[in-house]
Amino acid sequence: GDLEDGEKGESTGPLKTANEMLPKDLPPVEDMAASVAASECSEVGVIKNLVEDLVVVESLPGLPALDLDTVLFVAEGGLALGRVFDVIGPVTRPLYVVRFNSAQHISDR
């Protein structure tokens, strides 16, 4: 119903759509134990930022965009960083988002 002056509605945080998921609603990220030799990899970008449980990788100019779930590896040591969870930004130079379970999970990598 409509609220009248003096009445307060229940507020449980920001509004969200029926299909929107909060980070706590997502399944846990699996640890990836894969590694590759540097000679088998192509450089696709650099780590630009860490935001809570996300690592943002800025792509290099002139490369085709990667698909979701593409596995990214760290150049030093060839260990898997994780899977591309989201692609944001301009099509010509996308940012790849790799999701972790927590900021501590990123530190442990």
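The values are calculated or read from the model by the stated rules, or taken from the named source; none is laboratory data. The structure displayed is predicted, hence computed values, not measured ones. Glycine also receives a Cβ, built like all others from the backbone with ideal geometry; neighbour counts cover every protein chain displayed. Each accessible area value is taken on the protein alone, full model and side chains, heavy atoms only, with ligands, DNA and RNA left out. Shrake-Rupley method; radii C 1.70, N 1.55, O 1.52, S 1.80 Å.
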Check: For the range 59-105, what are the residues that are touching a strand residue (DSSP E or B) at 6+ places or on another chain (Cβ under 6 Å), outside any loop (DSSP other than H, G, I, E, B) and under 13 Å from Met32 (Cα atoms)?
Finding: Val71, Leu72, Phe73, Leu79, Ala80, Leu81, Gly82, Arg83, Val84, Val98, Arg99
Notebook entry, point to check: What number of residues in the range 68-109 are open to solvent by 80 Å² or more (accessible area, probe 1.4 Å) and more than 13 Å from the chain's Cα centre (by Cα)?
Noted result: 10
